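One structure is given below, encoded as structure tokens.
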Amino acid sequence: MTVSSCFMETEEEPQLGRIEATLLEADDPSRFSLVYEEVKTRKASEKTFDAIDVIGTLTPDQMQRIARPYRHLSADEEWVYNEDAWSSVDEKGNVEKGYRITRRANDNPYIRKPDLRPARLDGELEKQLINRDDAIFRVLIQVRDFPEWDIPIMTREGFTSVAEYQRLQGERDLKIADRKTILTEKSQNIFAYLDRVNGTVVQEA
């Protein structure tokens, strides 16, 4: 029996999990304190914003947490961040645009429970592997308990320095390579299981 396997770890972020989304939706706004605020105003007679008021500063690490607060809810995270943006026009046509970052203490961290169940195949596929020595199957393998997505988001061009942009790109490349290595390591027990049921992996995609 021969098995052609296909497993994939993309460079795109997985969708937000239901548990993490629920934790963030339940937040009380009154618990948050101000970290950063930027307010721009433009008179009705002007085409460009003529006044910008800024409170606070943001570090590169904070920017990563602001972009994906739902990925930073574990016990080793001190804060949970929230962002808010608004735009308004008064009766005279004057425009105000604002962007605000707040945070609260991470006093109820999300504890991820590992899935330690052994590798398994769909029952019907396992029968086919055992009973048909001449067949080739294409199998999609899903690795359980894979590490949380931690690939840094690239900032908009011009938002950070060239050096910081290059640092982020280098860190991103390294972490993607690390995840591919982890995927290979965690797949070994799956390959061993296929071997026990007379399967042979002939191609990895």
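Values quoted throughout were computed directly from the atomic coordinates according to the rules given, and no laboratory measurement underlies them. Fair warning: this is a prediction, and the values are worked out from it, not measured in the lab. Reconstructed Cβ throughout: ideal geometry from the backbone, glycine too, with neighbour counts over all protein chains shown.
In this structure the amide hydrogen of Tyr36, modeled in the peptide plane, comes within under 5 Å of the amide hydrogens of Ile101, none closer than 5 places in sequence on its chain. Our estimate of slack between Ile176 and Arg31, defined as 0.36 nm per intervening residue step minus the Cα-Cα distance, is 48.7 nm. Annotation: extensible slack from Glu185 through Arg104 equals 25.4 nm (criterion: 0.36 nm per residue apart, minus Cα-Cα distance). For a straight C-alpha distance cut-off of 17 angstrom, the lysines reachable from Lys92 (same-chain residues fewer than eight places away being disregarded) are Lys40, Lys43, Lys47. Put simply, the amide H of Thr160, placed in the peptide plane, has no neighbours under 5 Å, leaving out anything fewer than 5 places away on its chain. Were the residues from Tyr165 through Glu38 laid out at 0.36 nm apart, the gain over their Cα-Cα distance would be 43.5 nm. Bridging of Lys175 to lysines at a Cα separation below 25 Å is possible for Lys113, Lys186, once same-chain residues fewer than 8 apart are set aside. The fewest-to-most ranking of Trp79, Trp86 by surrounding Cβ atoms within 10 Å reads Trp86, Trp79. Contact order for region 28-116, expressed relative to its length and based on alpha carbon pairs under 8 Å spaced 6+ residues apart, stands at 35 percent.
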